[in-house]
Amino acid sequence: MTSTPEVVVHANAELLAQSVAARLVTRLVDVQASRGSASVVLTGGGIGTASLAALASAPARDAIDWSRLDIWWGDERFLPTGHPERNETGARQALLDHVPVDPTRVHPMPASDGPDGDDVEAAARRYAAELAAARRPEDHGPFPSFDVLLLGVGPDCHVASLFPGLPAVYDERPVVAVHGAPKPPPTRISLTFPAIQAAREVWLLVAGEEKAPAVRLALSGAGHVQVPAAGARGRQRTLWLLDQAAAAQLPSDLRRPSV
Ligand SMILES: O=C1O[C@H](COP(=O)(O)O)[C@@H](O)[C@H](O)[C@H]1O
């Protein structure tokens, strides 16, 4: 069972990033108050990383108990540790290096110089095992039901590293290796739809006019094989957080301004 998408449009990318940061504070604080700890899945990409930087700069960030937050990734570029193109590197620089996270609760996807070397299939299995070890009895699969799962959207409608028509969009395993991604680097690791759709809330962050056709397609009833963003839905909430440029091709009944 997944939720119907809601759309919120902000005036520009900067306000969008600040709004995502504010929403994260509110949601994670609420979850921690009710359940003790919370989990978030991070995304790479321009607006995803800008949102993390906005969170690092937000005074309210200290309302989050960073020591009771599990941090996962939705996808990773399979490159050496610390490579500037790794999503982990961007997230650490933008946010994680600036807040008191518990290092044992930060779960980056393996790097190509990690314990499995350049065996990306083994690295994907390793991440699946790490997810399985973190699942609780109330979860909806061999992985945690994440509280908030953040995704960027590519102009080709990809989310995480689920690219249109590639085998990963059909895969039932929670984590897979991706070969031949059309966006560099070609080798990646990604969560798949079963893990994404088990999240309580999925938030898609999209900025820029080059993304407007992808946003329109994803919200017009397209299938998830050719339009992976259309399959990104949370069990309780699916929130499309857009700037005006990304929302430009949406029918007016789907655009809800932020004020
Ligand atoms: O390669 C990736 O791209 C997407 C979108 O990035 P953007 O810069 O176009 O916003 C991102 O969500 C994903 O995590 C990343 O690996």
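No lab work stands behind these numbers, since they all come straight from the coordinates. Predicted model only: the values in this text are computed from it and were never measured. Positions of Cβ are generated from backbone atoms using ideal geometry, with glycine treated the same way; all protein chains shown enter the neighbour counts.
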Worksheet, complete the sentence: Extend 7 Å from the Cα of ASP253 along its Cα-to-C-beta direction; within segment 1-31, residues with backbone N under 19 Å of that point are 4-9
Response to the item:
Given the candidates LEU162, PRO194, ALA111, the one whose Cα lies deepest towards the positive end of the charge dipole of the chain, counting +1 at each Lys or Arg C-beta and -1 at each Asp or Glu C-beta, is PRO194
Fill in: Distance (nanometres) between label positions extended 7 Å along Cα→Cβ at ASP156 and ALA56
2.9
Worksheet entry | Antiparallel content of DSSP bridges confined to segment 5-257, in %, to 5 | 25
Worksheet, complete the sentence: If every Lys and Arg gets +1 and every Asp and Glu gets -1 at its Cβ, then about the Cα centre segment 185-259 yields a dipole, in debye to the nearest 20, of 280
Worksheet entry | Cα-centred dipole magnitude for segment 5-257, charges only on beta-carbon of K, R (+1) and D, E (-1), debye, nearest 20 | 540
Worksheet entry | P(r) weight above 25 Å for the chain, C-alpha pairs, percent | 38
Practice prompt. Taking 7 Å along the Cα-to-C-beta vector as the label spot, tell me the ASP30-THR4 distance in nanometres, rounded to one decimal.
Written response: 1.9
Worksheet entry | segment 1-35 and segment 208-242: distance between their alpha carbon centers, rounded to Å | 16
Response to the item:
Under the 7 Å Cα-to-Cβ spin-label approximation, SER220 and SER67 lie apart by a distance in nanometres of 5.1
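Tell me, what are the semi-axes, in whole angstrom and largest first, of the equivalent ellipsoid of segment 56-187 as set by the roots of 5 times the Cα gyration tensor eigenvalues? Mind dumping the intermediate values first?
Details: eigenvalues 117, 67, 49 Å².
Here the semi-axes work out to 24, 18, 16 Å.
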Fill in: Cα-derived Rg over Rh, computed across segment 70-145 with Rh taken as Kirkwood radius
0.98
